[in-house]
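Working notes for the structure below.
No lab work stands behind these numbers, since they all come straight from the coordinates. Bear in mind the structure is a predicted one, so any value in this text is a computation, not a measurement. All Cβ positions, glycine included, derive from the backbone under ideal geometry; neighbour counts span all protein chains shown.
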């Protein structure tokens, strides 16, 4: 009798263990199913985000490529034209509140215009793209003549009456640096190279990384109305006295 009861008890225990194990297995499987669904959902969500970001970047890249192609086509068409064939369209007109006269101008990367108010003004005038005056920077001790953009915060200014060039922070209105030399008149900048006329009928180049100065053109007539500008491989010098523009390569040879 005891033996029979023991066997039944063992059988009941075995069945109980079996049910518990089955119940535990079902819970584990249910949990694993939920984890699988969550992981798949997270992966799909991340995949959609990545696809969206890729599409955005591809669209931006496509727009940039289109702009660059248009610029290349534009400059190519311009290069094949003479000055007489160029058509100029007025986009906007506004009055600059200068005291004496404007002798220099440059665009900043944010489309602001920086003007030199020469003579009695002795200042820089910062105007936005709509023609509104954003700020005035007094430079009476410097007496600026021409100006060129270095980066989104700074410009370099030359003087006609003095010799040094000055780097000006257009946000704070302060002079950050002086570049010594017999600089005067027109100047321009491309990359790390700052080019400026000098009184001794020469054009010099300044390496902005260490402010070393070198001769670029050893003999050119420099007047107060002489201005310079650069393309990727050419330097252009204006001459008011005979209404001409002379082109030089970056070795200083006239072309």
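Structure above, values below:
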{"read-out": "Shape category assigned to the range 133-207 from the gyration tensor of Cα positions, a/c cut at 1.5", "value": "oblate"}
{"read-out": "Ranking of 154, 212 by count of other Cβ atoms within 10 Å, fewest first", "value": "212, 154"}
{"read-out": "C-alpha center-to-center spacing [the range 177-255, the range 87-132] in angstrom", "value": "22"}
{"read-out": "Residues 19, 166 arranged by fewest to most Cβ contacts within 10 Å", "value": "19, 166"}
{"read-out": "Helical mean residue ellipticity (222 nm; -39500 (n - 2.57) per DSSP H run of 4+; nearest 500) of the chain", "value": "-11500 deg cm²/dmol"}
{"read-out": "Ascending count of other beta-carbon atoms within 10 Å, so fewest first, for 25, 190", "value": "25, 190"}
{"read-out": "Rounded to 10°, Cα long-axis angle of helix 2-79 versus longest principal axis of the chain", "value": "20"}
{"read-out": "Cα-based Kirkwood hydrodynamic radius, the chain, one decimal, Å", "value": "23.8"}
{"read-out": "Length added when fully stretched, residue 51-residue 246, from 0.36 nm per residue minus Cα-Cα", "value": "65.0 nm"}
{"read-out": "Ratio of the Cα radius of gyration of the range 167-253 to 2.2 N^0.38 Å, where N counts its residues", "value": "1.10"}
{"read-out": "Separation in nanometres of the label points that stand 7 Å from Cα toward Cβ, at residue 18 and residue 151", "value": "7.9"}
{"read-out": "Whole-number percent relative contact order across the chain, with pairs defined as alpha carbons under 8 Å at least 6 apart", "value": "7"}
{"read-out": "Two-decimal ratio, the range 101-249, of alpha-carbon radius of gyration to 2.2 N^0.38 Å", "value": "0.97"}
